[in-house]
Amino acid sequence: MLSHEQIWAAIDRLAERYGYSASGLARRAGLDATSFNRSKRIGPDGRKRWPSTESVSKVLAATGASLDDFLRLIESREGPARTMVPLIGLTQAGSGRLFTDEGMPAGGPGWDEIEFPDLGGDRAFALEVQGDSMRPLYRDGDVLIVSPTASVRKGDRVVARLANGEVLAKELRRRTARTVELISLNPEHADRTVPLAEIAWMARVMWVRQ
């Protein structure tokens, strides 16, 4: 597994690469300015504090760096630990009983696997983009790493599976007690407002492998 020191060192190097201090990078990513301060990396009781998967995802989005860029900044003789992640095509994700009620892969026919860096944190699976409905942001063949257990906030990119089997990949604009408003990633496709009762599950896009 990756060490506490390796992850923090990679964040420091990422900040330096893009001309930020650690606090400047945190602000750029929309986080509290003290999130990456050295004083926050060890708790008052001496326990190590790890940056969250969500924090790393936000700094990558803010800088435009890819997950592979981040991994290259991590010094490790053995390289980062890796794990196998369930994979299915985005257009197949709406058919059959491929998911549990919680939005996790049910396994069995239709599922494949890919190797992916094991950074811990939220449970995840992979969806392969098929077609051009998500251009220009995502292209045919890109792989989205998504997590139905991660918290979802306004502005996050999400994949939602509806009760009728339809699968949507969009950006969350707003969520109320009754509806979810989703912005299309492709300007040629319409935005959607979906009753909350019609959403089987919604997963946040954590990483993109292009």
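For this structure, a couple of remarks:
- Sparse packing (at most 14 other Cβ atoms within 10 Å of the Cβ) combined with a DSSP loop state is found for the following trypsin sites (Lys or Arg not before Pro) in the stretch 147-210: R153, K154, R178.
- Ranking by accessible area, most exposed first, for W111, W201 with a 1.4 Å probe: W111, W201
- Alpha carbon convex hull of the stretch 4-75, projected area averaged over orientations, nm²: 4.3 nm²
- Rolling a 1.4 Å probe over the protein heavy atoms leaves D140 with an accessible area of roughly 100 Å².
- The long axis of helix 4-17 is offset from the longest Cα principal axis of the chain by roughly 90 degrees.
- Local net charge near G107, Cβ-Cβ under 15 Å (Lys/Arg +1, Asp/Glu -1): -2
- Angle between the chain longest axis and helix 53-63 axis [Cα atoms, degrees, rounded to 10]: 90 degrees
The values are calculated or read from the model by the stated rules, or taken from the named source; none is laboratory data. Worth saying up front: this structure is predicted, and the values here are computed from it rather than measured. Cβ coordinates were reconstructed from backbone atoms using ideal geometry, including for glycine residues, and neighbour counts include every protein chain displayed. Just so you know, the surface numbers come from the protein's heavy atoms only, side chains and all, with ligands and any DNA or RNA stripped out. Shrake-Rupley method; radii C 1.70, N 1.55, O 1.52, S 1.80 Å.
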